[in-house]
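Note sheet for the following structure.
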Amino acid sequence: MIEVTGLAKRYGDFTAVRDLSFTVGPGEVLGLVGPNGAGKTSTLRCLAGIIPATAGTVRIGGNDLATDPVAAKRTLAFFPDEPRLFDYLTVRQHLNFVARVYGVAHHEALAQPLLEELEIADKADELPGALSRGMKQKLAIACGLLHGPKVMFFDEPLTGLDPLGIRRMKDSILKRARDGAAIVLSSHLLHLLEEVCSHVLILKKGGKIAAGTIAEVAARFSQGEADVNLEEIFIRATGGSEN
């Protein structure tokens with residue numbers, strides 16, 4: 001469960017996120033949508049504890065991120081848009097390292113199925129320098145999933161993936177949601193969000209302008225039309241295009 005109340009993030013005189021409140025329950029996938037500069041990445045980084053919020057509270061699995069950060073972070077995984085990897089650790093050694101950090105016992109039995117699911121098992125002894133951009137992304141995701149997080153934050157998870165990799169990543173996200181994870185997903189690929197998200201939160205200039213299930217938000221901006229897609233909802237809600 002993700003509970004956010006009055007979240008704000010300021011950088012000097014600039015307010016990137018303002019008075020943001022929402023919840024994401026087990027099994028829900030929230031699509032975080034907004035124009036460039038709307039505050040999506042700042043929001044995700046605050047939720048994951050990567051950067052401190054200026055105001056507000058964030059509770060992850062019942063744990064306050066500010067007052068009990070270790071307990072909160074043990075239940076979450078943050079997947080940035082750019083993989084952060086160690087140049088001199090192989091794929092397998094990355095997973096060994098993460099297992100030690102999180103205290104994952106018998107991690108080998110968990111690591112191999114993850115490598116196979118993400119189609120990098122044949123690269124287990126390779127260094128990151130030998131991997132493509134998409135494979136590096138898959139390795140970062142495998143590392144994040146190893147400790148079985150129940151809360152997940154994805155920032156542009158499909159960058160560098162080929163069409164088959166994109167399809168498998170969608171399936172992986174949906175599988176975790178079906179298993180009870182609470183997921184927040186930010187992407188410029190609105191068709192992706194439409195396929196995997198149960199809820200949507202639209203930001204503009206750091207503030208919430210619409211939130212709810214995709215059906216609820218569609219009804220608000222449909223103007224009486226049937227089958228309005230998320231791209232059209234986005235344009236009507238923000239007054240512009242994604243770019």
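Overview of results
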item	result
Unique match (being within 19 Å of the chain's Cα centre (by Cα), outside any strand (DSSP E or B) and surrounded by 19 or more Cβ atoms within 10 Å (Cβ to Cβ)) among 77, 99, 53	53
Those residues of the range 80-90 which are out of contact with any helix residue (DSSP H, G or I) (no Cβ under 8 Å at 6 or more places or on another chain) and either outside any loop (DSSP other than H, G, I, E, B) or exposed (fewer than 14 other Cβ atoms within 10 Å of the Cβ) (or both), in sequence order	82, 88
Scope the range 170-212; condition at pLDDT below 85 and either in a helix (DSSP H, G or I) or outside the structural domain of residue 25 (by TED's automatic domain parsing) (or both); matching residues	190, 191, 192, 193, 194
Neighbours by Cβ (under 7 Å, 6+ apart or cross-chain): first from the range 93-121, closer than 13 Å to residue 145 by Cα; second at pLDDT 90 or above and of a type in the set (Phe, Trp, Tyr)	94/86
Of residues in the range 226-243 being assigned to a loop (DSSP other than H, G, I, E, B), of a type outside the set (A, V, I, L, M) and at pLDDT 65 or above, the one surrounded by the most Cβ atoms within 10 Å (Cβ to Cβ)	229
Test set (1) outside the structural domain of residue 111 (by TED's automatic domain parsing); (2) of a type in the set (Asp, Glu); (3) touching a helix residue (DSSP H, G or I) at 6+ places or on another chain (Cβ under 9 Å) - residue 125 fails condition number	(1)
Subset of the range 1-21 (residues that are more than 23 Å from residue 75 (Cα to Cα) and not basic (Lys, Arg))	11, 12, 13, 14, 15, 16, 17, 19
Verdict on residue 43 being in contact with a Ser or Thr (Cβ under 9 Å, 6 or more places away or on another chain), surrounded by 14 or more Cβ atoms within 10 Å (Cβ to Cβ) and more than 25 Å from residue 193 (Cβ to Cβ)	no
Pair list, Cβ < 9 Å and 6+ apart or interchain, from the range 47-66 residues that are in the same structural domain as residue 30 (by TED's automatic domain parsing) and touching a residue at least 60 places away in the same chain (Cβ under 8 Å) to residues that are crowded, with 18+ Cβ neighbours inside 10 Å and among the aromatic types (Phe, Trp, Tyr)	47/78; 47/153; 48/78; 48/153
Single match in 134, 160 (criterion: assigned to a loop (DSSP other than H, G, I, E, B), in contact with a helix residue (DSSP H, G or I) (Cβ under 6 Å, 6 or more places away or on another chain), in contact (Cβ under 8 Å) with a residue 24 or more places away in the chain and among the small types (Gly, Ala, Ser))	160
Residues of the range 9-34 that turn out to be within 12 Å of residue 208 (Cα to Cα), surrounded by fewer than 19 Cβ atoms within 10 Å (Cβ to Cβ) and of a type outside the set (S, T, N, Q), as a count	2
Any chance residue 111 is surrounded by 18 or more Cβ atoms within 10 Å (Cβ to Cβ), modelled with pLDDT of 90 or more, of a type in the set (A, V, I, L, M) and in contact with a helix residue (DSSP H, G or I) (Cβ under 6 Å, 6 or more places away or on another chain)	yes
Candidates 71, 111, 105, filtered to the one that is assigned to a loop (DSSP other than H, G, I, E, B), within 28 Å of residue 142 (Cβ to Cβ) and of a type in the set (Gly, Ala, Ser)	105
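The values are calculated or read from the model by the stated rules, or taken from the named source; none is laboratory data. Quantities reported herein were computed from a predicted structural model and do not represent experimental measurements. In this analysis, Cβ positions are derived from the backbone assuming ideal geometry, glycine residues included, and neighbour counts consider all displayed protein chains.
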